[in-house]
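Okay, structure first, notes after.
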Amino acid sequence: RVLKERIILHQDEVERLRNDIASELEKNKDGIDQEGRTSFLITTTLLSLGYYGWIVPDILDIDDNKRKVATYMLTSAAGITFPIFATRNVPISKGSAHLAFYGGTRGIVHGIFASKLIYGDEARGDKSKGFGTLGSVAEMIPALYFGHRFHVTEDEAELVEVVGDFGIGYGVGTGFLFDGFEDNNIRYGAGSILIGSGLGIAASTLVME
């Protein structure tokens, strides 16, 4: 026999049930968790409009204002639209979106100081800007992947951000302590910041375990 049980729900209970169903459908659409996709796209949009679009014309050494504007618009548009299409079927949790934001922003800092570690006092202008842009992209994409691969939660991602930034601050302090930001010692200061940041991120992963 087919049995039916009728349950009477109040209006607030009906709304709560609808919201729960809608949330699960969005979360498990095609078996993919994309709860953090909106946050990730906001990150890529802000970086494209606020950093990539401005820095690429300088890296290419474009002096003409019209060409600068055109390059800015093309770079920004590419940085906004490409992630939209590229992540349509990519799992992006809220934790991995947090990590991608950290990688995309702090990667700029890491890239700039990596150029100073490699080139020393010669790391000025286009070299630093190029390394900063490369560092941002090179850290944002792997962060997105590893956040999903290891099921990083929002709280764990925030822990990585806080401890990683503490490591950067510790590296800056250590660099100043040993005159690492003088012209002839810039490599020491840059190395101190990169090591401090790396140790901070490593320490946060140990705490998560």
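Brief remarks follow.
- Most mobile of Ala97, Ala78, Ala143 in a GNM of the chain (Cα contacts under 10 Å): Ala78
- Here the chain is assigned +1 on the Cβ of each Lys and Arg and -1 on the Cβ of each Asp and Glu. Its dipole about the Cα centre then comes out at about 720 debye.
- Simple rule: put +1 on each Lys or Arg Cβ and -1 on each Asp or Glu Cβ in region 1-115, find the dipole, and look at Val69, Val56, Thr45; the Cα lying farthest toward the positive end is Thr45.
- Net charge of the neighbourhood of Gly164, taken over other residues with C-beta under 13 Å away and scored Lys/Arg +1, Asp/Glu -1, is -4.
- Karplus (6.51, -1.76, 1.60) ³J(HN,Hα), θ = phi - 60°, over region 94-105, in Hz, Gly and Pro reported as x: 5, x, 5, 5, 4, 5, 5, 4, 5, x, x, 8
- Expected 222 nm ellipticity per residue - DSSP helices of 4 or more, -39500 (n - 2.57), all of the chain, to 500: -25000 deg cm²/dmol
- Helix axis angle, 37-47 relative to the chain longest principal axis, alpha carbon, degrees: 20
- Each Lys or Arg adds one and each Asp or Glu subtracts one; over the other residues with Cβ under 13 Å from the Cβ of Ser136, this totals +1.
- For the chain, the longest principal axis of the alpha carbon atoms and the long axis of helix 65-86 meet at an angle near 40°.
- The chain - percent of accessible surface contributed by carbon and sulfur, probe 1.4 Å: 61
- For the chain, the per residue solvent-accessible surface stands at 65 Å², with DNA, RNA and ligands left out and a 1.4 Å probe.
- Taking Gly53, Gly130, Gly173 in turn, the Gaussian network model of the chain (Cα-Cα springs below 10 Å) assigns the largest fluctuation to Gly173.
- Solvent-accessible surface (1.4 Å probe) assigned to Ile21 amounts to roughly 90 Å².
- Kirkwood radius, the chain, all distinct C-alpha pairs, inverse of mean reciprocal distance: 19.5 Å.
- Environment charge at Leu9 (Cβ cut-off 12 Å; Lys +1, Arg +1, Asp -1, Glu -1): 0
- For region 15-22, putting each phi into the Karplus relation 6.51 cos²θ - 1.76 cosθ + 1.60 with θ = phi - 60° gives couplings of 5, 5, 5, 4, 5, 5, 5, 4 Hz, in residue order, rounded to whole numbers and with x for Gly and Pro.
- Total lysine pairs under 27 Å (Cα atoms) in the chain, excluding pairs fewer than 8 apart on one chain: 9
- With all pairs of separate Cα atoms included, region 167-209 yields a Kirkwood hydrodynamic radius of 10.3 Å.
- The long axis of helix 186-208 is offset from the longest Cα principal axis of the chain by roughly 20 degrees.
- Length, then width, then depth: along the principal axes, the Cα atoms of region 134-184 run 42, 25, 11 Å.
- Built amide H within the under 5 Å cut-off of Asp33, gap 5+: Ile92
The values are calculated or read from the model by the stated rules, or taken from the named source; none is laboratory data. None of these values were measured; they are calculated from a predicted model. Neighbour counts are summed over all protein chains in view; Cβ atoms, including those assigned to glycine, are modelled from backbone coordinates with ideal geometry. Calculation scope for accessible area: heavy atoms of the full protein, side chains included, ligands and nucleic acids excluded. Shrake-Rupley method; radii C 1.70, N 1.55, O 1.52, S 1.80 Å.
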